[in-house]
1. Can you pull out every residue in segment 65-93 that is closer than 16 Å to K51 by Cα and open to solvent by less than 50 Å² (accessible area, probe 1.4 Å)?
2. Taking into account only those residues within segment 23-76 that are assigned to a strand (DSSP E or B) and of a type in the set (G, A, S), which is farthest from S10 (Cα to Cα)?
3. Of all residues in segment 23-38, which are without any contact (Cβ under 8 Å) to a residue 12 or more places away in the chain, of a type in the set (V, I, T) and surrounded by 15 or more Cβ atoms within 10 Å (Cβ to Cβ)?
4. Which of the residues belonging to segment 11-22 are outside any helix (DSSP H, G or I) and touching a residue at least 24 places away in the same chain (Cβ under 8 Å)?
Amino acid sequence: MEILFLSEDSRKLVQTLSNTNSLKILKLLETKDMSAGELAEKLSLGLSTLKYNLDSLLDAGMIRVSEVKWSQRGRKIKIYEPVEKIIVLVPGCRNSCKEEILGIFLKNTQGNFCIDGD
């Protein structure tokens, strides 16, 4: 679980998730882990557009490389998978609000979460 207060990290996440291609990539990866080539083919996207979106999703922590395979030509092929986590975005929260939210999550999750934006 990740709690995001307003910060650069939350801005990156919202910006990434507002991109239609990023959402399409996430939806496809829900069904099966795929390489950039497979994703580009299924989405009819150019590799440069796809690479931009994959980099944004990686940077936002929404996907990760699950394995690296080798092509017949000896090239690395990264296989991508979605990151399974709950993200809570808390806009407009003052310090007392932050403490209250953190207390609730500590009580209900045994402290197994990440906090960004402090």
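The values are calculated or read from the model by the stated rules, or taken from the named source; none is laboratory data. In this text, all values refer to a predicted model and were calculated from it rather than measured experimentally. Neighbour counts run over all protein chains shown; Cβ positions are idealised from the backbone, glycine included. All accessible areas refer to the heavy atoms of the entire protein, side chains included, with ligands and DNA or RNA removed. Shrake-Rupley method; radii C 1.70, N 1.55, O 1.52, S 1.80 Å.
1. Within segment 65-93, I79, Y80, E81, P82 meet the criteria.
2. Going through the qualifying residues, I end up with S35.
3. none
4. Matches in segment 11-22: N19 only.
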